[in-house]
Structure formats: C-alpha cells, structure tokens
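The values are calculated or read from the model by the stated rules, or taken from the named source; none is laboratory data. Quick caveat: nothing in here was measured; it's all calculated off a predicted structure. Cβ atoms come from the backbone with ideal geometry, glycine included; neighbour counts cover every protein chain shown. Note: accessible area is taken over every heavy atom of the protein model, side chains too, but ligands, DNA and RNA are not part of it. Shrake-Rupley method; radii C 1.70, N 1.55, O 1.52, S 1.80 Å.
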Amino acid sequence: MAAGVVLLVLGGAFATGATPAQEPSPPAARTDAAPVVDMEAVVVTGVQPGPGMWRATRGGHTLYILGTQSPLPRGMSWDADEARDVLGQAGAVLGSPGVTINADMGFFRVLTLAPSALKAMKNPDGRTLDQVLPPEIYARWSVLKQRYLGRDRGVEKKRPLIAVYELYKAALERNGLREGGVVGPVIDKALKERDLERTSTLLALKIDDPRQAIADFRKEELKPQDLACFNGTLDIIERDLPQIVARANAWAVGDLDALRTMPSGRNQLLACLSAWTQTETARKRGLVDIDVRVRDSWMSAVDKAVAAHPVSFATLSIDELLRGDGGYLAELRQRGYRVQAPDEYGYEDGIEEAADAIAPSSL
C-alpha cells in the first residue's frame, strides 16, 4: 500500500497515458460562484450492450479494440457476449496505455517513505485551500464542497488537484455514476478462465531517487496549470454533470452516433495532466514527452501481439477512438492496419474471419 501511495504522488495522472503538447492558459477569473446545475438526465440501469469493438487488421490477423468510458452508470451491467467471444479466442489481451514508475529501492525502504508521500499530498507549509487558491475560486469550491463533501475538514489541507478530484468522485457518486467496476471484471474473469496473463503495454520509467523526488514535489507551489485543472473541474461539477450522464448512457446503450456528437472532455483531461507532468520535479527526472512515448510503447506491444496471434484484444479510451484528428488509430493506419469502427463491419463476419484464421494453427 505504501508503494502505491508513492506511485500515486509521483505518477498521478500519468496512468491515463496522454500529455499535452503545450501548457494550457490559466482560466479567466470568475467573480461569482455559479449555481450548481441539478442533474435532469436519467441514468440507465440493467443489462446494457456497450458500444461494440473497433477492428484493426493486418496480414490476416485482427486486433479487436474495446473503447472504454469512465464514469459509467452505477446500476448497469455490461452485456459482454461479443467481448467474451473475442477474449475466448485472443492469443494476447493487451492492457491500456499508461506509465509505470519503478523506484530503485527495496520494499522495506519504500515503506519508510509512506509518511513523506502522504505529506506530499498536502499543501506546503500546512496551508489550507483558502490560503492557496484565489478568493473567487475558493468561493466556488466552498459551495460545491458543502454540497458533495459536507464538513470534511481534512480535504482542505490537500493539494488542489487531489482535493478537486475527491470532490469530482463524490459528485459522480451522488449522481448515480461510478468509475471502474464494469469492464475490468469481465476481462479479468475471462483471463482467469483461460489462465492467460494480460500483456502490459505500459511505458516503464524509473526514478532513482524517490525520496528526493518526493521532497522536491512537496516544495512545488501552485502553478497556472494547477488552477486551470482545478477551475475546469469545478466547471464540470457545476454545470456539466447532465452531459457526463448522457455520455455514460450513450456508452451503455452503444449509441456511437450520440457519442460522436458529444464533447469528449479531452481538453480538461489535458489541463489536469499538464499540471502533473510539467512540474520541475518531473522535468528534472526526464519525465518528458510522455504522450509520444506512451503511444509508442502501446504500438510496439500491438505490433508484436498481432504478428504472433490471429486474434488479439485491447482496450483504449473511447475518447481516443472517436478522435477526428491524429492519435492511436491514425498511427495504426500509418502502420498498415485497416481500422474499422463497430458500425463499419459486421461483427458476425469478423468473428467468422477470426475463427478461420485460428483454425489452421490449431491443427
């Protein structure tokens, strides 16, 4: 657990596997606390089909890619029959892109870092949020904190990015949404039944001085990127929860047309990632160009899996799969893959092609 805390502090949002090309501009100051928009959308429940899978083919071999979404309706169950069919045939199941940070030290030495790591989650010099945030932003925070976190005083001592994420999670819970617990268990069960290990696609980074890295991070002051992330997340909680619910519902029922017309929230994600990855602590340790390096790591794992197996399975954020510009799918096409969305091919035909590809190798 202590090691997990260290990775949370140093890795933070790296796990999403994307960083911006440039720093976001700080948000314009707001002098009033906007009213919270009550959620009007109804969260779907029960068994739902999900969005189907993208298909990337090269050399007669096929990679099926499931687009994941977070958050999702808390009361839904995923009808994963199609995914189970693929998972039952896949020679390789690839994990999502991201970063793993390895500290060069033994387990018992990592345990001694836990207190330092916990302190790094708090504001420098014991300051509270009202002391580090501009008054107009703190006023907005206070309204939302009272609504979703109540009298939680401990959160006031945490760094703005950690505090606002706790607020965001509480708002999701209040509105019938949850992060995780829908797709992961299905994949884990399929892997266990086949005694198959998930193939990691994570970019492996190493920090040789984790103790000093934590000490350096503790000294970092609030930056424009921090405010951009904090303010943007408050915007989402104040007025965009109905849109988040609509997006979660669209994923659940497999409505790709609706998903294509909805804002992805990618800009807000990039703002938050920038706040973590553009710290001096990260730069000094070579944690730069993470976006490209994470994508290259995933692509390398894909090329290897597809070359070795007639059928492979992977997951990517549905935001990434629906991007209209560059990104992972554009890179796959550049590498010679034919990429099709779920509504661009017949799933039954795809499974038959996969079975035909597997059959000769099983003789």
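Summary table
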| item | result |
| --- | --- |
| Accessible surface ranking that places the most exposed of S200, S317 first, with a 1.4 angstrom probe | S200, S317 |
| The range 124-276 - charge dipole about Cα centre, Lys and Arg +1 at Cβ, Asp and Glu -1, debye rounded to 20 | 280 debye |
| Difference of contour (0.36 nm per residue) and Cα-Cα distance, K223 to D208 | 2.8 nm |
| Accessible surface of the range 187-325, 1.4 Å probe, proportion on carbon and sulfur as whole % | 49 percent |
| Too-long pairs where the Cα-Cα distance tops 32 Å, listed order kept, from K169/K189; K157/K189; K158/K192; K169/K304; K145/K219; K169/K219 | K157/K189; K158/K192; K169/K304 |
